[in-house]
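All of the numbers you see were taken from the coordinates with simple rules; none came from a lab. Treat the numbers as computed from the prediction; the structure is a model and nothing was measured. Note that we place each Cβ from the backbone using ideal geometry, even for glycine, and neighbour counts take in every protein chain shown.
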C-alpha cells in the first residue's frame, strides 16, 4: 500500500503539449510538495501546499500550475511544454509544514521531444 | 548558488568497510540537516537527521557528524553493506514564511562492492 503515489511514472510528449501529473498520499499528512530533479541532479522545490493552501511557490514559470483538490492530492499541470521541462518530478508529503522528514513518491520522468 | 554541496559525485567502498559521505553548506541560518537515500527508479527516503545544536547523531550503522564552525557534515556507514548502494542526498532546513523548506545537494552515488 504505497504511501505517496504519483502517476504516470513515465511521460513522453511533444513540445507545446499540455500534460498533468497526479499525486496522492494516504498518510494523513497536511503538507504536500512538488520537487524537480533536473539534468544536473539537483532536487529543487517547486511548490508546497498545506491543507490545500499554497504556501511555497518558488520561481517557476507560470506554465506550471499546481492544484490541490483536497489535502491528500496534489496535481501538477504543465502547459505548453518545452524541452527544458524534461526532468524527474517528485511529489512528497510531510506531517505538517513544520516537519522535514518527507515521504517521496517514486517520481515521474518527463521527456519532452 | 549552491547552498548545499556534495562535492563527490561517487564513492566506492568494499563491503564491511566504512563509507564516509561529505556535505558542505554555506547558509549559516540552516538549523537542521537530513540525509536521504535514493535507489534507482524510486523516490528518496529519509535516513537520518541532526539538529544544529548537536554534533553527532547515531542510528544503528549510520552516524551523522556536524561541524558547525566548518559548515560541514558527514554521514558514516559502518559496516557498509551491498544494500547500501544508492544515491545519498544531503539536505538542510531553512525557515520560510509559514513553513520549513529543504535545500538539497546533488547527491553522492555510493557503490558497496561485495
Expected integer from the mean partner chain Cβ neighbour count at 10 Å over B:103-114 is 2
In whole Å, what are the extents of the stretch A:1-44 along the principal axes defined by its C-alpha atoms, from largest to smallest? 36, 22, 17
Correct semi-axes for chain A, from √(5λ) of the alpha-carbon gyration tensor and rounded to whole Å with the largest first, are 22, 14, 13
Shielding by partners - mean other protein chain Cβ count within 10 Å, residues of A:97-107: 6
In cubic angstrom per residue, the convex hull of the stretch B:1-67 built on its Cα atoms measures 124
With the Cα gyration tensor of the protein assembly as shown in hand, give its eigenvalues times 5 under a square root as the equivalent ellipsoid semi-axes, listed largest first in whole angstrom. 30, 20, 16
Highest to lowest packing among B:23-34, B:49-60, scored as the average C-beta count within 10 Å: B:23-34, B:49-60
Provide a whole-number value for the mean count of partner chain Cβ atoms within 10 Å of the Cβ atoms in peptide B:5-12. 0
